[in-house]
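The values are calculated or read from the model by the stated rules, or taken from the named source; none is laboratory data. Given the structure is predicted, the values throughout are model-derived calculations rather than measurements. Cβ coordinates were reconstructed from backbone atoms using ideal geometry, including for glycine residues, and neighbour counts include every protein chain displayed. What goes into the accessible areas is simple: the full protein's heavy atoms, side chains included, and nothing from ligands, DNA or RNA. Shrake-Rupley method; radii C 1.70, N 1.55, O 1.52, S 1.80 Å.
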Amino acid sequence: MGHSYALTGNPNSGKTTIFNELTGSAQYVGNWSGVTVEKKEGFIKNSKINVVDLPGIYSMSSSSIDEVIALEYITEENPDGILNVVSASNLERNLYLTLQLMEMKVPVLMILNMMDELSRKNIKLDVDRLKEIFDIQIILTGQNDRKNLSRIKEIDLKGLKSNFARFSYFSKEIQDGIREIASHISLQTLTQYKADPQWLALKIMEGDNKIIEACCAKDAAIIEKAKAIRLIIEKSEGVEFSQLLAAQRYSYLGEIAGQVLIDADGNMDRESVSEKIDKIMTHRILAIPIFLGIMWTIYYITITGLGSKSIEVMEWLISDLFTGAVKALMVTMDVSTWLQSLVIDGVIGGVGAVLVFIPQIMILFFFISILEDSGYMARIAFVMDRIFKKFGLSGKSVIPMLVGSGCSVPGIMATRTLENERDRKLTILLTPFISCGAKMPVYLLFVSAFFAANSHWVVFSLYLLGIVTAMVSGVVLTKVRYKGVESDFILEMPPYRVPALKSVLLHMWDKGKDFLIRAGTIIFAASVIMWFAQSFDLSFQMVQDPSTSVLADFGRLVAPVFAPLGFGDWITSVAFITGFVAKEIVISTLSVLHGVSQGALGSSLTEFYTPLSAYSFMVFVLLASPCFAAISVMKRELGSWKETGFSILYQTGTAYLLSMAVYQIGSLFIK
Amino acid sequence: MGDFLLLVPIILFTAYIVIKNMKNVKAGKCSCSESCSGCNMSCDKK
């Protein structure tokens, strides 16, 4: 029978890297907080030990969803032991969680990570003393040294006891209160809710509603008694109970840090390299121009530089080489002409139109993951926080939006780190405004056809438009729908690191693979359906001219709605609607309905659009409601169709108005 | 014969993808793909 361990630690303590190392998984790792917002599990390599990677948390309270997930798992699933990842480079704060785990009286094994960062600062850590204080086993590991991790398999955590003097750092009144409440917790409660009575007493005294609901909501007497003790202590100390607990814990941890950290050269107080770099990167005036400059350069290399060459190669591979070979094979097999059209114009045309852009998407995510792994993404969050606050948004909203620039689905999921429900709902609504990876092929197709000389500028402008729309919407919605005060944002600044090539390539490959799988599944299916719909009329007769098909009839019904936006033709209308399934399908639909190969699609589009209507089209794609996958996650996270419906309407309405403004106002100046 | 060999797998595969994605969306899972790095957060084991 194997064991089950929970992996916990502060955000950005290296927890996910250790999880990957232990289990051989390839979960995404970032040098910034909030990468893990759900629990993930896997088996330690060559063992029967199951490890559950819990979200990164700073404390065992239940103030945000990620903390609730971690707390519920430990209290309800009762794992055999806790693997607590502690970052040696930020010991005091990381030990705050360790202290709370020790208070729960669960078996803990400490994985002291980032030892190499401490060595670089020439600070020594007395590990033996730390072991002695907590009376637990400690495994040392660093960014480039993971060999000690294999020792975890040799240690049986189940039933492991520690003689750590928990609660000794609290004042006498608090300790007495804990004992008093613990003695009143019934045996029935402890049988149902398998937790240590003294820890449970502390949580009841704190007034942790999640825990009270789960363990003893019906026991009104004990809740009242705990509340009375809490109020007496608060009155005598003049501070809130939770703040008092935190202050006393931190005071104790300060003493521990003083005992175990040996800083002979006084490096701890000396300005680190990261701090020196931050003086420029997060400078009050320079930070934003630097951020915009970095993003512009990334778009330039991706679209105009390296990327433009890759399109030519991909078009040759798909249009000439692959299509030619398939066509020859079908002729040999004596396949009917209409079926040849289905394969060439439908399947290869639709799927190929997206595949052409895969190298560019991979180049883009190569640079994005360098930003993430280096620690710069956390600085962007810090810089944007200052601006977001001015627009009534919480700085915490920045993280989901940055995650959403890859894909809206994890961006929406990342809102789980927001404690404030008002901030969370608002961020879920605004995150899809940020340009995601799936919209990129649409931009790439249109900019190469209409704005070849300034393509990177145009895509960059769309990226900025997404951010500005999210911010302005924040102002509007906080005034009319999501009233209230935004919560404070405490952001951890990870040290700058040279990105690990393996991690960067893994992220890049993941994105490329994702597009390949989408092309081979959902885009394939959509292309086939589109081909059939444009090949038959209402009486199921095959048509030679797609404009007489059932799809064209449907498109013409919807087309007048889009006419004020500059594209009232049936093909564009259908492409928009199919874009709700997945944004890339806009391209495959256009390719199938225009009946041209990947190479000729751009020039075919120039007959239907002007540069102005092309830009208006991209604005609509950028801002309109996200794909079905993101909508279903929005519904799950918002918990109501009413809220989800409002979000979809708001996003699509904003897209429509802005797109119309671009076209109508632009038409006054550009003929 | 060539037509049959080609058409049947295309139709079956398309139907499979459509049904699978509709089920995923209904269940609140992401429908892009199980391997999608971003979507891992919502597709992974609970």
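State the number of residues belonging to segment A:489-526 that are closer than 30 Å to residue A:279 by Cβ and either more than 14 Å from chain B (Cβ to nearest Cβ) or open to solvent by 40 Å² or more (accessible area, probe 1.4 Å) (or both).
Our first condition is that a residue be closer than 30 Å to residue A:279 by Cβ; within segment A:489-526, this holds for A:489-501, A:503-504, A:507.
In the following step, the residues that additionally are either more than 14 Å from chain B (Cβ to nearest Cβ) or open to solvent by 40 Å² or more (accessible area, probe 1.4 Å) (or both) were identified as A:489-501.
Residues in segment A:489-526 being closer than 30 Å to residue A:279 by Cβ and either more than 14 Å from chain B (Cβ to nearest Cβ) or open to solvent by 40 Å² or more (accessible area, probe 1.4 Å) (or both): 13 in total.
Quick check on my filter: what residues within segment A:308-347 are within 10 Å of another protein chain (Cβ to nearest Cβ) and in contact (Cβ under 8 Å) with a residue 40 or more places away in the chain?
Answer for segment A:308-347, where residues must be within 10 Å of another protein chain (Cβ to nearest Cβ) and in contact (Cβ under 8 Å) with a residue 40 or more places away in the chain: A:338, A:342, A:346, A:347.
Going through A:290, A:256 one at a time, which residue ends up being surrounded by 15 or more Cβ atoms within 10 Å (Cβ to Cβ), among the hydrophobic types (A, V, I, L, M, F, W, C) and under 30 Å from residue A:173 (Cα atoms)?
On the way: A:290 fails: under 30 Å from residue A:173 (Cα atoms).
The match here is A:256.
Restrict the check to segment A:399-413 and report whether at least one residue is aliphatic (A, V, I, L, M) and more than 14 Å from every other protein chain (Cβ to nearest Cβ). Talk me through it step by step, then tell me what you get.
Step one: list which residues in segment A:399-413 are aliphatic (A, V, I, L, M), which gives A:399, A:401-403, A:409, A:412-413.
If we keep only those that are more than 14 Å from every other protein chain (Cβ to nearest Cβ) as well, we get none.
No, segment A:399-413 contains no residue that is aliphatic (A, V, I, L, M) and more than 14 Å from every other protein chain (Cβ to nearest Cβ).
For the structure I just gave you, tell me whether residue A:563 is assigned to a helix (DSSP H, G or I) and without any contact (Cβ under 8 Å) to a residue 12 or more places away in the chain. Full working, then the answer.
Values: assigned to a helix (DSSP H, G or I): yes; without any contact (Cβ under 8 Å) to a residue 12 or more places away in the chain: yes.
Here the answer is yes, as residue A:563 does meet what is asked.
Considering only residues that are at pLDDT below 85, open to solvent by 50 Å² or more (accessible area, probe 1.4 Å) and facing chain A (nearest Cβ under 8 Å), which ones fall in segment B:2-19?
Result: B:5, single match.
What's the number of the only condition in (1) touching a residue at least 24 places away in the same chain (Cβ under 8 Å); (2) touching a helix residue (DSSP H, G or I) at 6+ places or on another chain (Cβ under 7 Å) that residue A:262 fails to meet?
Against the list (1) touching a residue at least 24 places away in the same chain (Cβ under 8 Å); (2) touching a helix residue (DSSP H, G or I) at 6+ places or on another chain (Cβ under 7 Å), residue A:262 comes up short only on (2).
Sort out for me the helices (runs of 4 or more DSSP H) sitting completely within segment A:372-444 that have 2 or more residues that are touching a Pro at 6+ places or on another chain (Cβ under 9 Å).
Values: elements: A:376-390, A:398-404, A:408-413, A:421-430.
It comes to A:398-404, A:408-413, A:421-430.
For residues in segment A:527-556 being assigned to a helix (DSSP H, G or I) and of a type in the set (Val, Ile, Thr), which is surrounded by the fewest Cβ atoms within 10 Å (Cβ to Cβ)? Lay out the reasoning, then the answer.
At the first step, the residues of segment A:527-556 found to be assigned to a helix (DSSP H, G or I) are A:527-533, A:546-548, A:550-556.
Now narrow it down to the ones that are of a type in the set (Val, Ile, Thr): A:528-529, A:548, A:550.
Values: A:528: 24, A:529: 21, A:548: 14, A:550: 17.
The residue in question is A:548.
Could you check segment A:511-554 and list, in sequence order, the residues that are among the aliphatic types (A, V, I, L, M) and within 30 Å of residue A:366 (Cα to Cα)? Working first, answer last.
Going through segment A:511-554, the residues among the aliphatic types (A, V, I, L, M) turn out to be A:516-517, A:519, A:522-523, A:525-526, A:528-530, A:533, A:538, A:542-543, A:550-552.
Result: A:516, A:517, A:519, A:522, A:523, A:525, A:526.
Just to be sure I understand, how many residues within segment A:616-637 are in contact with a helix residue (DSSP H, G or I) (Cβ under 6 Å, 6 or more places away or on another chain) and open to solvent by 20 Å² or more (accessible area, probe 1.4 Å)? Give the steps one after another, and end with the answer.
At the first step, the residues of segment A:616-637 found to be in contact with a helix residue (DSSP H, G or I) (Cβ under 6 Å, 6 or more places away or on another chain) are A:616, A:618-626, A:628-630, A:632-635, A:637.
Applying the additional criterion that residues be open to solvent by 20 Å² or more (accessible area, probe 1.4 Å) yields A:628, A:635.
Count: 2.
Of the residues in segment A:65-115, how many are part of a helix (DSSP H, G or I), under 22 Å from residue A:254 (Cα atoms) and in contact with a strand residue (DSSP E or B) (Cβ under 8 Å, 6 or more places away or on another chain)? Steps first, please.
To start, the set of residues in segment A:65-115 that are part of a helix (DSSP H, G or I) comprises A:65-76, A:88-103, A:115.
From what's left, under 22 Å from residue A:254 (Cα atoms): A:88-103, A:115.
Right, trim to in contact with a strand residue (DSSP E or B) (Cβ under 8 Å, 6 or more places away or on another chain) and you get A:88, A:91, A:94-95, A:97-98, A:101-102, A:115.
So the count comes out to 9.
Could you tell me which numbered condition residue A:521 fails, if it satisfies all but one of (1) assigned by TED's automatic domain parsing to the domain that holds residue A:625; (2) in contact (Cβ under 8 Å) with a residue 60 or more places away in the chain; (3) not aliphatic (A, V, I, L, M)?
Single failed check for residue A:521: (2).
Looking at segment A:231-245 only, could you name the residues that are open to solvent by 30 Å² or more (accessible area, probe 1.4 Å), modelled with pLDDT under 90 and assigned to a helix (DSSP H, G or I)?
A:234, A:235, A:236, A:237, A:242, A:243
For segment A:123-154, how many residues meet the condition of being surrounded by fewer than 14 Cβ atoms within 10 Å (Cβ to Cβ), over 29 Å from the mean Cα position of the chain (by Cα) and of a type outside the set (D, E, K, R)?
Within segment A:123-154, residues that are surrounded by fewer than 14 Cβ atoms within 10 Å (Cβ to Cβ), over 29 Å from the mean Cα position of the chain (by Cα) and of a type outside the set (D, E, K, R) number 0.
Looking at segment A:122-217, what helices (runs of 4 or more DSSP H) fall wholly within it and have at least 3 residues that are among the small types (Gly, Ala, Ser)?
Working: elements: A:127-134, A:172-184, A:187-192, A:197-206, A:209-216.
Fully inside segment A:122-217 and qualifying: A:172-184.
Which of the residues that make up segment A:90-122 are modelled with pLDDT under 90, of a type in the set (S, T, N, Q) and crowded, with 20+ Cβ neighbours inside 10 Å?
Within segment A:90-122, just A:113 meets the criteria.
Tell me, which residue of segment A:345-396 that is of a type in the set (Lys, Arg) and either open to solvent by 10 Å² or more (accessible area, probe 1.4 Å) or not assigned by TED's automatic domain parsing to the domain that holds residue A:585 (or both) is modelled with the lowest pLDDT? Can you show your working first?
Initial filter on segment A:345-396 (of a type in the set (Lys, Arg)): A:379, A:386, A:389-390, A:396.
Then keep just the ones that are either open to solvent by 10 Å² or more (accessible area, probe 1.4 Å) or not assigned by TED's automatic domain parsing to the domain that holds residue A:585 (or both); that gives A:386, A:389-390, A:396.
Working: A:386: 75, A:389: 75, A:390: 76, A:396: 72.
Among them, the one singled out is A:396.
Given (1) in a loop (DSSP other than H, G, I, E, B); (2) open to solvent by 40 Å² or more (accessible area, probe 1.4 Å), identify the lone condition not met by residue A:664.
Condition (1) is where residue A:664 drops out.
In segment A:639-653, which residues are open to solvent by 20 Å² or more (accessible area, probe 1.4 Å) and either part of a helix (DSSP H, G or I) or touching a residue at least 40 places away in the same chain (Cβ under 8 Å) (or both)?
Filtering segment A:639-653 for residues open to solvent by 20 Å² or more (accessible area, probe 1.4 Å) gives A:639-643, A:645-646, A:648-650, A:652-653.
Answer for segment A:639-653, where residues must be open to solvent by 20 Å² or more (accessible area, probe 1.4 Å) and either part of a helix (DSSP H, G or I) or touching a residue at least 40 places away in the same chain (Cβ under 8 Å) (or both): A:641, A:642, A:643, A:645, A:646, A:648, A:649, A:650, A:652, A:653.
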